[in-house]
There are 4 protein chains.
Amino acid sequence: MSTNTIRYYEEQQCSNQWRSFLGAFSAEFASKGELSDLRAFMHQLGRTMARGFHVADGSSLQALEACMNQVWSEMNWGWVELVEEADALVVAHHASPLKIAFGEHSLDWSPALLEGVYAQWFDGLGMDKSLRLVQRAGVFEEGQLFVFDLKKQSEEPSYFTRR
Amino acid sequence: MSTNTIRYYEEQQCSNQWRSFLGAFSAEFASKGELSDLRAFMHQLGRTMARGFHVADGSSLQALEACMNQVWSEMNWGWVELVEEADALVVAHHASPLKIAFGEHSLDWSPALLEGVYAQWFDGLGMDKSLRLVQRAGVFEEGQLFVFDLKKQSEEPSYFTRR
Amino acid sequence: MSTNTIRYYEEQQCSNQWRSFLGAFSAEFASKGELSDLRAFMHQLGRTMARGFHVADGSSLQALEACMNQVWSEMNWGWVELVEEADALVVAHHASPLKIAFGEHSLDWSPALLEGVYAQWFDGLGMDKSLRLVQRAGVFEEGQLFVFDLKKQSEEPSYFTRR
Amino acid sequence: MSTNTIRYYEEQQCSNQWRSFLGAFSAEFASKGELSDLRAFMHQLGRTMARGFHVADGSSLQALEACMNQVWSEMNWGWVELVEEADALVVAHHASPLKIAFGEHSLDWSPALLEGVYAQWFDGLGMDKSLRLVQRAGVFEEGQLFVFDLKKQSEEPSYFTRR
């Protein structure tokens, strides 16, 4: 699969109706605040978005993943993999439209939107209060993959400190 | 044509990909500021959006209208009529997705986005500096029509004072 | 609501991805057969389409209507009203994309697609074998409304005789 | 880029509005004729489609490719590369929605649609009558790439003989 085809699909995925608005929003928004404020606002938007969807089947990791992917597929926001690791539940979100919608320069803050969505969904499922969902630093697969770890909150602040 | 069909088309027009995000944005955003600030921010976003499109044929009112409708049609943002009246050029924007995207409660501030777009386009065409584009107060056709007047700036402040 | 806005919504509803193909199909297809053959083929396609959807809640007319509208809404094919009359169950399908997809000249045969879908769904629900779904002759609301009657098969042939 | 992401994009590319219809069409259509007839009909549809688009800038290979990609991008039908080889002009069409729309079983006949489109476009540009566009046999990149050669018609019949 050529890189051109990937780029073609990425470009086409983002709805033409809102691309111009979202690009303008990104430019205005990013010029106005600190990185931590941008992330906090996007995280909050994500939590508000999450409440509008019914993600309630936590009977198994597979059921939960399927439930989330139902939401993402209907919105064409990509797909998620939930992977259990020794000390964390890893949430790997692929093929989201964030990079195209908000621009490459937004990759530091726009994924906080997904962080907020997942955090809210896990809260809604009655997640242990000592756990916290935090985005893993770094850009993976050229902004086509965002990784979040749900784990015991460490003492040290995360790379993306917020609030 | 039944009201149900109009409602059906309105609902379907707004891209499913961003509807949840835009609704969350609207809720967070509207809770944060004064009406005049909300309008000023939307107006600014509109100006930024406008710069991304090529609306340059001001050879006639019809040519300009066609040029604008080319942009709106590709984005599925409705359509515009430009009408010359005695003391103003009237810009009537029909069938925009704003009401569904940002919600009915947003009808006081979300149309400032269109105001910003048109203001920027007229500026780009070298509009007389004494003219100003101002949204006409009131909700027309249940939020399916927004009307803007381009005319000499009056002494009295507009209903929607901004900046 | 102006006629222009209705026309705008109608045009935009039909997916740009397949509009050219469907227009070409309509032109080639219509040139090849008798009206009754065209209707029979579309009816058959409709039955095949119907089998791909789960329309199974016949517990009440409202439940059935909601179930069908769930399918239509996800596909953006308009909406249906089921109305009980003295001697028939009337199926009124509004705001389908058929006229734009297949052209105005297709209005004699393209709605047989919907006839096939509904006929299959009623069959799947165990409809009385003496009943038959037949499209009511005539163009309603400029091709935005198609009406089908589910009733005892009459002796006389329908306007649109098929098979 | 994982295979899952490619599959995700492929699935999402095909418009939900017509996918069910096109799948039903494919099933009915394929059951009715010989492979050569299916290809001839699709080729003819492609020629009819092509006439609806303005592809007229043959000033250079790059200009022509850009002109074609403008059409394909607006329809979300993928993208094309034109490559000059010793004895042929190679037309490589990537990322079309044909496989998802018509199904994997259609890969023998559905690409004749693209063959018809390109053949018509080259004819419209005044292509030398001794040249002929023929699809190269074989499935490339799992049905994501179709290759056509524009070259002097050979004596031997092509793999996909038609008419």
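Any chance you could check region C:69-86 for residues losing 20 Å² or more of accessible area when the partner protein chains are in, compared with the chain on its own (1.4 Å probe)?
Listed by number, the residues meeting the 20 Å² cut-off are C:Ser73, C:Glu74, C:Met75, C:Asn76, C:Trp77, C:Trp79.
If you take the accessible area of B alone, add that of C alone, and subtract the area of the pair, what total do you get in Å², probe 1.4 Å, to the nearest 100? Write out the running numbers ahead of the final one.
Details: alone 9330 and 9370 Å², together 17020 Å².
Chains B and C together bury approximately 1700 Å².
From a point 7 Å beyond the Cα of A:Thr3 in the direction of its Cβ, which residues of region A:117-150 have a backbone N at a distance under 16 Å?
A:140-144
Counting only other residues whose beta carbon sits under 9 Å from that of C:Lys99, what net charge do I get with K and R as +1, D and E as -1? Write down the numbers at each step before the final one.
Details: positive: none; negative: C:Glu10, C:Glu104, C:Glu142.
Charge balance near C:Lys99 sits at -3.
To one decimal in nm, how far is C:Gly138 from the same spot in the other copies, if labels go 7 Å from Cα toward Cβ? Please give the shortest first.
3.8, 6.1, 6.9
Using a 1.4 Å probe on the protein chains only, how many percent of the accessible area of the protein assembly as shown belongs to carbon and sulfur?
48 percent
Each residue of region D:40-48 in order: what ³J(HN,Hα) in whole Hz does its phi give by Karplus 6.51 cos²θ - 1.76 cosθ + 1.60, θ = phi - 60°, with x for Gly and Pro?
Running phi through 6.51 cos²θ - 1.76 cosθ + 1.60 with θ = phi - 60° gives 4, 5, 5, 4, 5, 4, x, 4, 5 Hz.
Relative contact order for region B:20-118: what percent, with Cα pairs under 8 Å and sequence separation of 6 or more? Present the calculation step by step, with values, prior to reporting the outcome.
Numbers: 110 pairs, mean separation 39.1, N = 99.
In percent, rounded to a whole number, it is 39.
When a/c is below 1.5 the answer is rounded, else prolate if a/b is larger than b/c, else oblate, so apply that to the protein assembly as shown with a ≥ b ≥ c taken from the square roots of the Cα gyration tensor eigenvalues.
Numbers: a/c = 1.32, a/b = 1.28, b/c = 1.03.
Rounded is the answer for the protein assembly as shown, as its axis ratio a/c remains below 1.5.
Is there a quick way to get the dipole size of chain A? I mean about its Cα centre, with the Cβ of Lys and Arg at +1 and of Asp and Glu at -1; what is the value in debye to the nearest 20?
480 debye
For label points placed 7 Å from Cα toward Cβ, what is the shortest-first list of nm distances from D:Ala86 to its copies?
5.9, 8.1, 8.4
Smallest Cβ-to-axis distance in chain A, for the rotation taking A to C: which residue, how many Å?
Rotation axis A onto C, closest Cβ, rounded to whole Å: A:Glu74, 4.
Whats the longest run of chain B with zero GluC sites (Glu not before Pro) that are DSSP loop and have at most 16 other Cβ atoms within 10 Å? Working shown, then result.
Working: sites that count: B:Glu34, B:Glu85, B:Glu155.
Within chain B, the longest run free of exposed GluC sites (Glu not before Pro) spans B:86-154.
Would you mind getting the accessible area per residue of the protein assembly as shown, heavy atoms of the protein chains only, 1.4 Å probe, in Å²?
Numbers: 29050 Å² over 652 residues.
Ligands and nucleic acids excluded, the result is 45 Å² per residue.
Leaving out same-chain residues fewer than 8 places away, which aspartates and glutamates sit with a Cα under 19 Å from that of A:Lys151?
Reachable aspartates and glutamates: A:Glu65, A:Glu81, A:Glu84, A:Glu85, A:Asp87, A:Glu115, A:Asp123, A:Asp128.
Just check region B:49-163 against the gyration tensor rule for me: Cα atoms, a ≥ b ≥ c as the square roots of the eigenvalues, rounded for a/c under 1.5, and otherwise prolate or oblate depending on whether a/b exceeds b/c.
oblate
Can you grab the distance from the C-alpha centre of region C:112-144 to the C-alpha centre of region D:1-34, Å, no decimals?
The distance from the Cα centre of region C:112-144 to that of region D:1-34 comes to 26 Å.
What residue among C:Ser26, C:Val55, C:Leu45 has its Cα farthest toward the positive end of the dipole of region C:14-104, where the charges are +1 on Lys, Arg and -1 on Asp, Glu, each on the Cβ?
Most positive-ward Cα: C:Ser26.
Is there a simple number for the mean count of other chain Cβ atoms within 10 Å of the Cβ of residues in D:4-14, and what is it?
That works out to 6 on average.
Restricting to DSSP H runs of at least four residues, report the calculated mean residue ellipticity at 222 nm for chain A, -39500 (n - 2.57) per run over all residues, nearest 500 deg cm²/dmol.
Working: 6 runs with 76 residues, N = 163.
Counting only the DSSP helices, I get -14500 deg cm²/dmol.
For region A:11-116, what size does the Cα cloud have along each of its three principal axes, sorted from largest down, in whole Å?
42, 30, 23 Å, listed from the longest principal axis down.
Quick one: dipole size for the protein assembly as shown, taken about the Cα centre, charges +1 on Lys/Arg Cβ and -1 on Asp/Glu Cβ, in debye to the nearest 20.
Magnitude of the dipole: close to 0 debye.
Using r as the Cβ-Cβ distance of A:Asp57 and B:Val83, and R0 as 45 Å, what FRET efficiency do you calculate, to the nearest 0.05?
0.25
Tell me, what HN-Hα J-couplings in whole Hz come from the Karplus equation 6.51 cos²θ - 1.76 cosθ + 1.60 at θ = phi - 60° for each residue of region A:72-89, using x for Gly and Pro?
Those phi angles translate into 4, 5, 5, 8, 6, 10, x, 8, 10, 10, 9, 10, 8, 10, 3, 10, 7, 9 Hz.
The values are calculated or read from the model by the stated rules, or taken from the named source; none is laboratory data. All figures in this text were calculated on a predicted structure; none of them were measured in a lab. Don't worry about glycine lacking a Cβ; one is built from the backbone with ideal geometry, like all the others, and counts go over all protein chains shown. With ligands, DNA and RNA removed, areas are computed over all heavy atoms of the protein, side chains included. Shrake-Rupley method; radii C 1.70, N 1.55, O 1.52, S 1.80 Å.
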